[in-house]
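One structure below.
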Amino acid sequence: MLRILRAYGIPDILVNAIDDTYTDTKAKVLSPDGITDVFDITAGVLQGDTLAPFLFNIVLDYALRKATDGREEELGLQTKQRRSRRCPATYIRDLDFADDIALNRHRHCFSGSKKPQQALASQ
């Protein structure tokens, strides 16, 4: 995760702060039988951490980009037609936020005067 954050241009001071937050994290659980012994948290994000959705989105975006790289025409939803080599077609490959995700699989081409939103609404 830390390498991905750096690859996305997150400043080292923030990456180091995130690393410190998630390094040597320990917890106890309050159960009906009492408090458990202390245990290490070795995976996942901290419960209630306001940074968690951001971290999840960056890592998920990285994974989806790696999985779909070079396959935009096959996997994406075309939103703008190619006009030339310098103005390529644009595609939406995925829509994701926190724990919600939608992946596109069908190829759509929009032609004529219909805008992509109108074409999708008529299907």
For Ile58, only one of the following conditions fails: (1) touching a residue at least 12 places away in the same chain (Cβ under 8 Å); (2) not in a helix (DSSP H, G or I). What is its number?
(2)
The condition from (1) among the charged types (D, E, K, R); (2) modelled with pLDDT of 85 or more; (3) part of a loop (DSSP other than H, G, I, E, B); (4) on the phi < 0 side of the Ramachandran plot that Arg3 misses is numbered (3)
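Residue by residue, here is whether (1) among the polar types (S, T, N, Q); (2) surrounded by 12 or more Cβ atoms within 10 Å (Cβ to Cβ) holds:
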{"position": "Ile13", "(1), (2)": "no, no"}
{"position": "Thr21", "(1), (2)": "yes, yes"}
{"position": "Val29", "(1), (2)": "no, no"}
{"position": "Ile35", "(1), (2)": "no, no"}
{"position": "Thr42", "(1), (2)": "yes, no"}
{"position": "Arg65", "(1), (2)": "no, no"}
All-but-one check, Arg65 against (1) in contact with a helix residue (DSSP H, G or I) (Cβ under 8 Å, 6 or more places away or on another chain); (2) not assigned by TED's automatic domain parsing to the domain that holds Gly9, failing number (1)
Can you pull out every residue in the stretch 17-46 that is closer than 24 Å to Leu60 by Cα and touching a Lys or Arg at 6+ places or on another chain (Cβ under 6 Å)?
none
Given the structure, is Lys28 modelled with pLDDT of 85 or more and either of a type in the set (D, E, K, R) or touching a helix residue (DSSP H, G or I) at 6+ places or on another chain (Cβ under 7 Å) (or both)?
yes
Looking at this structure, is Leu60 in contact with a strand residue (DSSP E or B) (Cβ under 7 Å, 6 or more places away or on another chain), at pLDDT below 90, under 26 Å from Arg93 (Cβ atoms) and not acidic (Asp, Glu)?
yes
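The values are calculated or read from the model by the stated rules, or taken from the named source; none is laboratory data. The structure presented is a predicted model; accordingly, all values stated were derived computationally and were not measured. Heads up, the Cβs are rebuilt from the backbone with ideal geometry, glycines too, and the neighbour counts pull from every protein chain shown.
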